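Throughout, read-outs are computed from the coordinates displayed, never taken from laboratory work. Computed from a prediction, not measured in an experiment: that's the story for all the values here. Reconstructed Cβ throughout: ideal geometry from the backbone, glycine too, with neighbour counts over all protein chains shown.
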Amino acid sequence: MHLLATDVSNAVIRDVAQVRDGYRQSYSVRSNGLRAALLTVLKNGNASTLDIINNDNNAKATLRGIMEGLPPSLEVKQLFDQSVFVRASGGPL
């Protein structure tokens, strides 16, 4: 994000973000009772979900390419695909 301040001499973080005093959150993921890792793939807010999934070089194709280089003992599962609902609605999100 690019910011341009023309009327002020100082910009502070609270002007553009939420600042909280807290602790670092940690998440644990389990699959069938075993420790696992979770990778969430999100689109940019300006991107069209339909354009992304209809592109030949989409996230799923990229992941398939990555998986080819992983050890066969590593199990990769897709847990959720929002594009299914976008296609069913017939409109971009």
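A compact table of results
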item: Footprinting exposure proxy for Lys77, Lys60 (fewest neighbouring C-beta atoms within 10 Å first); result: Lys77, Lys60
item: Footprinting exposure proxy for Asp21, Asp15, Asp81 (fewest neighbouring C-beta atoms within 10 Å first); result: Asp21, Asp15, Asp81
item: Net lengthening on full extension, Tyr27/Phe80 (0.36 nm per residue, minus Cα-Cα); result: 17.3 nm
item: Coordinate range along principal axes, alpha carbons of region 42-88, Å, largest first; result: 35, 19, 17
item: Net dipole in debye of region 13-89 [+1 Lys, Arg Cβ; -1 Asp, Glu Cβ; about Cα centre; nearest 20]; result: 280
item: Exposure proxy order (Cβ contacts within 10 Å, fewest to most) of Ser48, Ser83; result: Ser48, Ser83
item: Leu38 paired with Ala61, simple spin-label distance in nm, labels 7 Å along Cα-to-beta-carbon; result: 2.9
